[in-house]
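Undergrad: After the structure tokens below, expect a handful of questions from me.
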Amino acid sequence: VRLEPGSAAHRHQLAVTLLSSGKKVAAFEEVDAMLEIDPGSLQAYSLRIASHMNDREFADAFTLASQLAERHPNDPVARNLMGAAKDGLGETGAARKYYEQALTLAPTYDTAAMNLARLQVASGESGEAKATYTRLLNDPQSDYRVRAALNLVELARRAADRHAVEDLYRRILDVNANHLEALQELSKIHLARGRARRATELLERARVSH
């Protein structure tokens, strides 16, 4: 930053480091400097909004997210952040509206899709949520494959579909071979079905990898 004070990227990296160290005031000084360089900086706004969200200052987070949406009306991130802030305030109807707006702007925006699916499950629309989770699980480019699979596990448990639960934990191990919950739960399933050797192998994998 000292060598390139006009670099917003360097100031962003420093702000993230300061926030992770609990130095909020110093971090926001860097954020303010980023906004002087670029008044509409998505990264700068996002850092402030995330900080407000972490501090459960959801009204302040929504205000900033709304300002960001005004500057970037076609950016789905701003709409998703507005939804997350309304979610935190308990205004699920408004949250859903903003998540849907984010997905209208970017139909493959997985973060908003996951947020909307969570609200759908809560409102009893498990079919719609299941379709979203299945799509994400089957998308090799998605960062949400494991989380989507875990959410599908929960839906399968509610439906008492033991075979689906087992298959989903196997799918998780296809993505992350050392996923602790999947290893432990599959070992329980194998043990309950008399596959003691396989259960032991999975528990040993869990012990070694964790």
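Undergrad: Considering only residues that are open to solvent by 70 Å² or more (accessible area, probe 1.4 Å) and part of a helix (DSSP H, G or I), which ones fall in region 33-45?
TA: Glu36, Ile37, Gln43
Undergrad: Can you name every residue in region 70-95 that is charged (D, E, K, R) and surrounded by 20 or more Cβ atoms within 10 Å (Cβ to Cβ)?
TA: Arg79, Lys86, Asp87
Undergrad: Same structure, new question: State which residue pairs qualify: first residue part of a loop (DSSP other than H, G, I, E, B) and inside region 136-148, second residue crowded, with 16+ Cβ neighbours inside 10 Å and among the aliphatic types (A, V, I, L, M) in any location, beta carbons under 7 Å apart, and separation of 6 or more residues or different chains.
TA: Ser142/Leu136; Tyr144/Met114; Tyr144/Leu136
Undergrad: Scanning for something closer than 16 Å to Leu186 by Cβ and either open to solvent by less than 90 Å² (accessible area, probe 1.4 Å) or among the aromatic types (Phe, Trp, Tyr) (or both), does region 133-146 turn up at least one residue?
TA: yes
Undergrad: Let me spell it out: the conditions are (1) surrounded by fewer than 19 Cβ atoms within 10 Å (Cβ to Cβ); (2) under 16 Å from the mean Cα position of the chain (by Cα), and Ser66 meets all of them except one. Which number is the exception?
TA: Of everything listed in (1) surrounded by fewer than 19 Cβ atoms within 10 Å (Cβ to Cβ); (2) under 16 Å from the mean Cα position of the chain (by Cα), Ser66 misses just condition (2).
Undergrad: Among (1) among the basic types (Lys, Arg); (2) under 25 Å from Leu89 (Cα atoms); (3) open to solvent by 60 Å² or more (accessible area, probe 1.4 Å), where does Arg48 come up short?
TA: (3)
Undergrad: OK, next. Mind checking which residues of region 179-210 are modelled with pLDDT of 95 or more and assigned to a loop (DSSP other than H, G, I, E, B)?
TA: His179
Undergrad: Looking only at region 108-121, which residues are open to solvent by 50 Å² or more (accessible area, probe 1.4 Å) and at pLDDT 95 or above?
TA: Answer for region 108-121, where residues must be open to solvent by 50 Å² or more (accessible area, probe 1.4 Å) and at pLDDT 95 or above: just Arg118.
Undergrad: Which ones in region 5-63 are more than 26 Å from Lys86 (Cβ to Cβ) and aliphatic (A, V, I, L, M)?
TA: Ala8, Ala9, Leu14, Leu18, Val25, Ala26, Ala33, Ile37
Undergrad: Inspect region 86-101 for any residue being modelled with pLDDT of 95 or more, part of a helix (DSSP H, G or I) and over 27 Å from Asn54 (Cβ atoms) and give the result as yes or no.
TA: Within region 86-101, not a single residue is modelled with pLDDT of 95 or more, part of a helix (DSSP H, G or I) and over 27 Å from Asn54 (Cβ atoms).
The values are calculated or read from the model by the stated rules, or taken from the named source; none is laboratory data. Keep in mind that this is a model prediction, so the values were computed, not measured. Here the Cβ is made from the backbone with ideal geometry for all residues, glycine too, and neighbour counts use every protein chain on show. Side chains are part of the model used for accessible areas, which takes the heavy atoms of the whole protein and leaves out ligands, DNA and RNA. Shrake-Rupley method; radii C 1.70, N 1.55, O 1.52, S 1.80 Å.
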